[in-house]
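The values are calculated or read from the model by the stated rules, or taken from the named source; none is laboratory data. The shown structure was predicted, so the numbers you read here are calculated from the model rather than taken from an experiment. Cβ atoms come from the backbone with ideal geometry, glycine included; neighbour counts cover every protein chain shown.
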Amino acid sequence: MVKTRMQLLADGAAGQKAYTGYRDAISRIYREEGVKGFWKGLSASYWGCSEGCIQFVVYEKLKKQLLIRNNEKRRAQGLKESGDLPPAYTLGAAAFSKFIATTATYPHEVVRTRLREQARNGAFKYRSMWQSLRLIAKEEGRRGLYAGMGTHIARVVPNTAIMFLSFELVNTFLGRRFAEKQAAQDAAQRVGDDAGLGFPEEEED
């Protein structure tokens, strides 16, 4: 809330005043709007939680389909099947899933920002999530609900793609290292058992 207020341009003609700093913003919001003022846009933020849900569902579905196609291609080339996707496939799946999720839920970003605007001439134009949605759609149309989405996508899609790729690569690397270590321990245990050098089992009390 405070960050958004600091970023918004104050309209002096409408009685809005620019904040001089975070302390000034916090004190004025509390004095003029009370504690509730700090929680404006919370309902739109809850709506934004669906973005992550959509993103993960699309990503997992797409990753599964890409893995099937990749293994079909490997079999055609006489190669063994793989349980991991090539990095380029993972990057593409992550970017596409984020794009779909962002496009489907982006209006919540606009609504949340509008709900956090200062009062204009003593009155708040945007009062609730649904009222804000209807008002923006009525006055600005679909374009208003998706204002600024291009810049937002340019920031979040590459970030998500890199993050997911990094996670998959690290997860695969650690999984293989753990499996190799476990296999070496099992092999050493079998050799020890065959040579009669196995560790004796602890006796229960």
Flagged pairs (Cβ under 9 angstrom, 6 or more apart or on separate chains; first in the stretch 172-193, in contact (Cβ under 8 Å) with a residue 12 or more places away in the chain; second surrounded by 10 or more Cβ atoms within 10 Å (Cβ to Cβ)) are Thr172/Asp84
Within the stretch 61-81, can you find the residues that are under 22 Å from the mean Cα position of the chain (by Cα) and among the hydrophobic types (A, V, I, L, M, F, W, C)? Leu62, Leu66
Only one of (1) free of Cβ contacts under 8 Å to residues at least 24 places away in the same chain; (2) aliphatic (A, V, I, L, M); (3) farther than 30 Å from Gln118 by Cβ is not met by Leu42, so which one is it? (3)
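Quick check on this structure: which one of Lys36, Lys73, Lys64, Lys3 is in contact with a helix residue (DSSP H, G or I) (Cβ under 9 Å, 6 or more places away or on another chain) and among the charged types (D, E, K, R)?
Just one listed residue meets the conditions, Lys3.
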Scanning the stretch 33-53 for residues that are under 10 Å from the mean Cα position of the chain (by Cα) and surrounded by 15 or more Cβ atoms within 10 Å (Cβ to Cβ), which turns out modelled with the lowest pLDDT? Gly48
Assess whether Arg69 counts as being at pLDDT below 90, of a type outside the set (S, T, N, Q) and surrounded by fewer than 16 Cβ atoms within 10 Å (Cβ to Cβ). no
Here are the criteria: (1) more than 27 Å from Val156 (Cβ to Cβ); (2) acidic (Asp, Glu); (3) in contact (Cβ under 8 Å) with a residue 12 or more places away in the chain. Tell me which single one Glu51 does not satisfy. (1)
Of Ala25, Ala14, the only residue that is in contact with a strand residue (DSSP E or B) (Cβ under 6 Å, 6 or more places away or on another chain) and surrounded by 13 or more Cβ atoms within 10 Å (Cβ to Cβ) is Ala14
List the pairs whose first member sits in the stretch 127-141 and is over 22 Å from Phe38 (Cα atoms), whose second member is of a type in the set (Val, Ile, Thr), and whose Cβ atoms are under 9 Å apart, counting only residues at least 6 apart or on separate chains? Ile136/Val110; Ile136/Val111
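If you take the residues in the stretch 110-119 that are assigned to a helix (DSSP H, G or I) and not polar (S, T, N, Q), which one is surrounded by the most Cβ atoms within 10 Å (Cβ to Cβ)?
By that ranking, first place goes to Val111.
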